[in-house]
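So the structure is just underneath, and the comments pick up after that.
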Amino acid sequence: MKRRALLSVSDKSGIEDFAKALVEKGWEILSTGGTAHVIREAGVEVTD
C-alpha cells in the first residue's frame with residue numbers, strides 16, 4: 001500500500017525538510033497551491 005501525506009500549511013518554514021524526510025521514508029506528497037510550490041522549488045516531487 002502506498003502511503004500518502006497531504007501537506008497544506010500557512011507557515012511554510014521547515015516544510016521542505018519535512019517533505020524531504022517523508023519522501024525518503026517512501027511517502028508520496030500531495031499538497032495545495034503555495035505549499036506545493038515551496039516543496040517543488042526545494043526539489044521534492046509533489047502532486048498538487
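Every number in this text was worked out from the coordinates using simple rules, so none of it is lab data. Note that this is a predicted model, so its numbers are computed, not measured. Backbone-built Cβ (ideal geometry, glycine too); neighbour counts: all protein chains shown.
Tabulated data for the structure shown
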| quantity | calculated |
| --- | --- |
| Filter result (farther than 13 Å from R40 by Cα, part of a helix (DSSP H, G or I) and among the charged types (D, E, K, R)) within region 6-29 | E24 |
| Subset of region 11-27 (residues that are in contact with a strand residue (DSSP E or B) (Cβ under 6 Å, 6 or more places away or on another chain) and surrounded by fewer than 14 Cβ atoms within 10 Å (Cβ to Cβ)) | none |
| Test for G43: is it surrounded by fewer than 16 Cβ atoms within 10 Å (Cβ to Cβ) and either touching a residue at least 40 places away in the same chain (Cβ under 8 Å) or on the phi > 0 side of the Ramachandran plot (or both) | yes |
| Extreme residue, surrounded by the most Cβ atoms within 10 Å (Cβ to Cβ), among residues of region 31-40 that are under 17 Å from S10 (Cβ atoms) and not hydroxyl-bearing (S, T, Y) | I39 |
| Region 30-41, residues that are among the hydroxyl-bearing types (S, T, Y) and not in a helix (DSSP H, G or I) | S31, T32 |
